[in-house]
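The values are calculated or read from the model by the stated rules, or taken from the named source; none is laboratory data. All values derive from a computational prediction rather than experimental measurement. A quick note on method: Cβ atoms are made from the backbone with ideal geometry, for glycine too, and the neighbour counts reach across all protein chains shown. Side chains included, ligands, DNA and RNA excluded: accessible areas come from the protein's heavy atoms. Shrake-Rupley method; radii C 1.70, N 1.55, O 1.52, S 1.80 Å.
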Amino acid sequence: MKKIVLILLLFGFIMPSSRAAYMLIPMDETSQKDHLKAYGITYWVINQGVEAWWLLNYRGGSFAFSYSKNFEKECKTRGVSFEVLADGQWNNILTEIANPEVNMDAVKLEKAPKIAVYTPQKNEKGEDIQPWDDAVTLVLTYAEIPYDVVYDTEVLQGKLADYDWLHLHHEDFTGQYGRFYQSYHNTTWYKEHVKANEELARINGFDKVSQLKLAVAKSIAGFVANGGFMFAMCSATDTYDIALAADGVDICAQMYDGDAADPNAQEKLDFSKTFAFENFQLIKNPLEYEHSTIDNNQGRNVIAEQDYFTLFDFSAKWDPVPTMLTQDHTRTVKGFMGQTTAFRKPTVKSSVLVLGENKPASEVRYLHSNFGKGFFTFYGGHDPEDYRHLVGDPNTDLSLHPNSPGYRLILNNILFPAAKKKHQKT
């Protein structure tokens with residue numbers, strides 16, 4: 001009898017472990033209460049040194065990792081839906097995914113990337129100099145994913161070497177202060193922004209802000225070429241490439257840098273230096289709220305209620321990179337505007353992979369490619385949950401949008417560097 005009791009006791013201790021071998025974080029439309037915080041949970045798990053799985057195209061791109069009571073508690077604390085799986089259930093999922101007839105794959109996430117956000121420092125009062133928020137910092141904060149802030153001086157000092165992933169805040173890398181001159185040059189925030197950038201240029205040994213921003217853009221290009229991951233939204237996409245193309249050419253009017261722009265600047269652009277765009281025309285009117293013909297914002301004839309873009313489908317087993325970047329619980333994402341809303345197709349290099357487009361408008365909304373040993377992703381628009389975010393508008397409250405498809409695309413890019421190296425190829 002004692003032997004039987006001992007066996008039953010041992011069986012009782014073993015069973016909970018076998019019943020709770022894995023945790024599945026479902027990412028389909030109906031099963032997940034908070035898609036955005038689910039990325040934060042997954043980041044937190046791999047940051048503990050525990051491998052996770054990204055189940056591409058399985059229930060909206062679900063995540064999975066070994067079960068632990070701490071992980072379960074953290075999911076409950078953050079409000080993230082999860083399912084507990086026994087070994088047999090987990091193996092059945094892997095078998096289903098491995099079937100060559102289905103467009104799925106299981107990718108290991110091994111190391112949490114160290115994240116930097118290139119964004120202006122606060123003023124002396126601890127306030128943001130620019131009167132607008134940034135979708136990436138909003139979602140990183142909401143998802144509880146840690147990041148550091150860097151700006152021009154840190155970039156030029158080589159500090160990017162300490163990071164795996166870099167986001168470019170809505171910067172104007174051409175040194176034209178977002179071309180906000182006509183509407184905002186008399187406002188306090190605009191004057192503070194100009195003053196701060198001119199001081200940064202002086203401290204770093206440059207006569208003009210445009211020269212400073214070009215040096216920063218080239219340093220970032222070096223970071224990517226050496227294996228870094230770079231993500232940019234809104235005006236940090238097109239102005240970045242414009243700055244690189246205009247290396248050594250003055251494209252700034254007098255109100256921006258104190259002297260006139262080169263009248264032959266257009267002919268001197270070198271598109272071989274850019275990441276994503278080519279054959280674009282500079283907007284010559286310095287008072288116009290637009291930099292070039294890359295952006296499809298001006299004259300864009302798209303009704304807000306019909307403004308959607310479609311994510312492309314890729315082969316999970318053969319093209320894991322674009323598949324990771326397009327994981328979502330819907331293939332149709334609501335569009336949103338920004339200083340740079342979308343990219344005109346004729347200006348996008350043929351070497352660049354289009355991830356999402358608004359085909360009727362002939363515009364690219366989301367693109368990706370490699371540069372040297374690294375990768376970059378450009379995402380048009382300012383805020384996926386604020387269709388027309390104006391200067392001075394309040395920050396978006398992501399607790400009201402925990403299942404945002406548009407914000408999920410940002411978070412896909414954040415977890416992408418954690419994927420096992422063999423999957424990071426194009």
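The table for this structure:
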item	result
The range 296-313, residues that are open to solvent by 30 Å² or more (accessible area, probe 1.4 Å), in contact with a Ser or Thr (Cβ under 7 Å, 6 or more places away or on another chain) and more than 29 Å from Ala225 (Cα to Cα)	Arg300, Tyr308, Thr310
Residue in the range 59-78 that is over 17 Å from Lys420 (Cα atoms), at pLDDT 95 or above and buried (at least 24 other Cβ atoms within 10 Å of the Cβ) present	no
Yes/no for Leu398 being hydrophobic (A, V, I, L, M, F, W, C), modelled with pLDDT of 95 or more, open to solvent by less than 40 Å² (accessible area, probe 1.4 Å) and under 27 Å from Ile242 (Cα atoms)	no
From Thr293, Thr330, Thr323, Thr340, residue being at pLDDT 95 or above and open to solvent by less than 10 Å² (accessible area, probe 1.4 Å)	Thr323
Matching residues in the range 181-200 - criterion: being free of Cβ contacts under 8 Å to residues at least 12 places away in the same chain and not basic (Lys, Arg)	Asn186, Thr187, Thr188, Glu198, Glu199
Tally, over the range 115-148, of residues that are over 14 Å from the mean Cα position of the chain (by Cα) and either modelled with pLDDT of 95 or more or within 18 Å of Phe63 (Cβ to Cβ) (or both)	4
Filter result (under 14 Å from Glu278 (Cα atoms) and either open to solvent by 30 Å² or more (accessible area, probe 1.4 Å) or among the polar types (S, T, N, Q) (or both)) within the range 350-366	Ser350, Ser351
Where Leu287 falls short, out of the listed (1) at pLDDT below 95; (2) surrounded by 15 or more Cβ atoms within 10 Å (Cβ to Cβ); (3) in a loop (DSSP other than H, G, I, E, B)	(2)
Pick from the range 234-268, criterion in contact (Cβ under 8 Å) with a residue 40 or more places away in the chain, part of a loop (DSSP other than H, G, I, E, B) and not hydrophobic (A, V, I, L, M, F, W, C), ranking: surrounded by the most Cβ atoms within 10 Å (Cβ to Cβ)	Asp250
Residues of the range 165-192 satisfying the condition of being touching a strand residue (DSSP E or B) at 6+ places or on another chain (Cβ under 6 Å) and assigned to a loop (DSSP other than H, G, I, E, B)	His169
Arg365, sole failed condition from (1) among the charged types (D, E, K, R); (2) in contact with a strand residue (DSSP E or B) (Cβ under 9 Å, 6 or more places away or on another chain); (3) over 25 Å from His291 (Cβ atoms)	(3)
Failed item, numbered, when Phe231 is tested on (1) modelled with pLDDT under 95; (2) crowded, with 16+ Cβ neighbours inside 10 Å	(1)
Neighbours by Cβ (under 6 Å, 6+ apart or cross-chain): first from the range 322-350, in contact (Cβ under 8 Å) with a residue 40 or more places away in the chain and more than 16 Å from Gly406 (Cβ to Cβ); second of a type in the set (D, E, K, R) and part of a loop (DSSP other than H, G, I, E, B)	Lys349/Glu278
Selected residue [on the phi < 0 side of the Ramachandran plot and in contact with an Asp or Glu (Cβ under 7 Å, 6 or more places away or on another chain)] from Thr239, Thr326, Thr293, Thr332	Thr239
Filter result for Ser369 (open to solvent by 30 Å² or more (accessible area, probe 1.4 Å) and farther than 29 Å from Asp34 by Cβ)	no
Flag for Trp90 being assigned to a helix (DSSP H, G or I), closer than 23 Å to Pro320 by Cβ, of a type outside the set (D, E, K, R) and modelled with pLDDT of 95 or more	yes
Meets criteria (open to solvent by 40 Å² or more (accessible area, probe 1.4 Å) and out of contact with any strand residue (DSSP E or B) (no Cβ under 7 Å at 6 or more places or on another chain)) for Arg202	yes
From the options Lys218, Lys213, residue that is under 29 Å from Tyr407 (Cβ atoms), among the charged types (D, E, K, R) and either touching a residue at least 12 places away in the same chain (Cβ under 8 Å) or outside any loop (DSSP other than H, G, I, E, B) (or both)	Lys213
Some residue of the range 160-176 being surrounded by fewer than 23 Cβ atoms within 10 Å (Cβ to Cβ), of a type in the set (Ser, Thr, Tyr) and on the phi > 0 side of the Ramachandran plot	no
